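The values are calculated or read from the model by the stated rules, or taken from the named source; none is laboratory data. Model, not experiment: these values are computed from the prediction. Because the Cβ atoms are built from the backbone with ideal geometry, glycine has one as well, and the counts that use them run over all protein chains shown. With ligands, DNA and RNA removed, areas are computed over all heavy atoms of the protein, side chains included. Shrake-Rupley method; radii C 1.70, N 1.55, O 1.52, S 1.80 Å.
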Amino acid sequence: MSNQKQQKPTLTGQRFKTRKRDEKERFDPTQFQESVVQGLNQTGTDLEAVAKFLDFSGAKLDYRRYAETLFDILVAGGMLAPGGALSDDMTRTNFCLFTAPEDVKTMKAYAQVFNKLIRRYKYLEKGFEEEIKKLLLFLNGFSESERNKLAMLTGILLANGNLSASILSSLFNDNLVKEGLSPAFAVKLFKSWISEKDINSVAASLRKVGMDNRLMELFPVNKRSYDHFSKYFTDAELKELSDFARNQQSLGARKELQKELQEQMSQGVSFKEIIAYGKEEIKKSSISEQMMIGIVWTSVMSLVEWNKKEELVTEQAIKQLKQHSPLLKAFTTQGLSELTLLLRVQDYCYDNIHFMKAFQKIVLLLYKVEVVSEEAILKWYTKAHLAKGKSVFLEQMKKFVEWLKNAEEGEYQIHAA
């Protein structure tokens, strides 16, 4: 028997190499750029052929990895260095957006190229938005003609829904604003956008991403006034944008006014002081009495946490409105203001379902405390009411309106007290 220990078997041989697909590929856009540039040089100015080339090439080129490079080439002809200059050591093409003719027809054709590419490769959507944001920050590095083409293209893409209006945030960059590039670019962009859609569509897109109240930021702080904004864009033949900004300013002022009125009411400020404040705001801000009574109504109704039960909410509403009737009366000195208030009551009762049955009693109270007149009620009933809840509210008011038309004063029993 041998005293030597038996050696354990060992594994010998060559180690397996890491599979190629498991190796982390080095980021190198050079080959990618050469392939794209070669294809664009072959297709030339035929944008239909460009779209087909890009569609076909997505199967063999890594668009996901080199999205920024791809968009740089399509816009500027090659990879862009920080600031917007073309990288010197890279292959480039003369067939791109910046070398194309500066006209609407060509820009629409380019918009279709981008649209088809992104629809075919949905994962490029986010990268494309980031690219446009970057390009806007590089405006100072582009020529005036290049900026104009980019603005026209961006406007068309916004109109087509290929981009979110959030990309406009790049235009608020301090350097671009200081040099006057932001408003000049915005003129071309909005003209292009509005010509494709209309100002209402543009406004909706801006509101969706909170850009509707930020357009003043296109100008330096010392020029952020509605008067300057209005003159700049009206002179540039964009009165629609000027009017939109005015409406936004008015809306902002109304919200601030409503907030202030609610605070004064909740703090127990006297009606006399609140009325004086409201009258002063009408003069100072050129707000109509009709607009003011709408703000006062909303403020009064916003002070209360309403009960969910119909019978209790009516009682609550009557108590609240009776208490604040001096405020309502102060801003219904015109027949049109009385009618405006009735329409606001109708709108409110329809939108807040627990108030549907309270409409008649609210109107009767307003009549009793002399906030609204017989004439205003009859005009509302016969021809000036809203379509909202029309049949329900007209039926509620039928007997009282008949009394107004036929009976002597004092005969109708009002239960709104």
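Regarding the chain, what whole-number volume in Å³ per residue does the convex hull of its Cα atoms give?
316 Å³
Just subtract the alpha-carbon distance of LEU394 and LYS259 from 0.36 nm times their residue separation and send over the number in nm, one decimal.
Details: separation 135, 0.36 × 135 = 48.60 nm, distance 3.28 nm.
Computed gain between LEU394 and LYS259 is 45.3 nm.
Could you work out which residue, out of GLU305, GLU240, GLU146, moves most in a Gaussian network model of the chain, that is, has the largest mean-square fluctuation with Cα springs under 10 Å?
In the Gaussian network model the winner is GLU305.
Report the charge-dipole magnitude of the chain in Debye, nearest 20, computed about the Cα centre from +1 at each Lys and Arg Cβ and -1 at each Asp and Glu Cβ.
The calculation lands at about 1700 debye.
Compute the acute angle (0 to 90°) between the alpha-carbon long axis of helix 271-285 and the principal axis of greatest extent of the alpha-carbon atoms of the chain; round to the nearest 10°.
So the inclination is approximately 50 degrees.
Return the single residue from LYS383, LYS122, LYS133 with maximal mean-square fluctuation; model: Gaussian network over the chain, springs between Cα atoms under 10 Å.
The residue that fluctuates most here is LYS383.
Of the cross-linked pairs LYS255/LYS405; LYS116/LYS188; LYS284/LYS390; LYS60/LYS116, which ones have a Cα-Cα span greater than 28 Å in the structure shown?
LYS255/LYS405; LYS284/LYS390
Nearest 10 degrees, 0 to 90: what angle lies between the long axis of helix 390-406 and the longest principal axis of the chain (Cα atoms)?
On a 0 to 90 degree scale, this one is about 20.
Leaving out ligands, DNA and RNA, and with a 1.4 Å probe, what % of the accessible surface on region 282-368 is carbon or sulfur?
Working: 2080 of 4050 Å².
C and S fraction of accessible area: 51 percent.
Straight-line reach from LYS259: which aspartates and glutamates have a Cα under 18 Å away, not including same-chain ones fewer than 8 places off?
GLU273, GLU280, GLU281, GLU289, GLU305
Can you give the accessible area per residue of region 29-206, in Å², using a 1.4 Å probe?
44 Å²
Nearest 10 degrees, 0 to 90: what angle lies between the long axis of helix 124-137 and the longest principal axis of the chain (Cα atoms)?
In the chain, helix 124-137 runs at an angle near 80 degrees to the longest axis.
On a 28 Å Cα-Cα criterion, which of the cross-link pairs LYS319/LYS388; LYS105/LYS223; LYS108/LYS223 come out too long?
In this structure, LYS105/LYS223; LYS108/LYS223 exceed 28 Å between Cα atoms.
Provide the per-residue ³J(HN,Hα) series for region 230-246, in order, calculated from phi with Karplus coefficients 6.51, -1.76, 1.60 and θ = phi - 60°, each as a whole number of Hz, with x at glycine and proline positions.
4, 5, 4, 7, 5, 4, 8, 6, 10, 4, 4, 6, 4, 5, 4, 5, 5
How much accessible area per residue does region 269-415 have, counting only protein heavy atoms and a probe of 1.4 Å, in square angstrom?
Heavy-atom SASA per residue in region 269-415 reads 54 Å².
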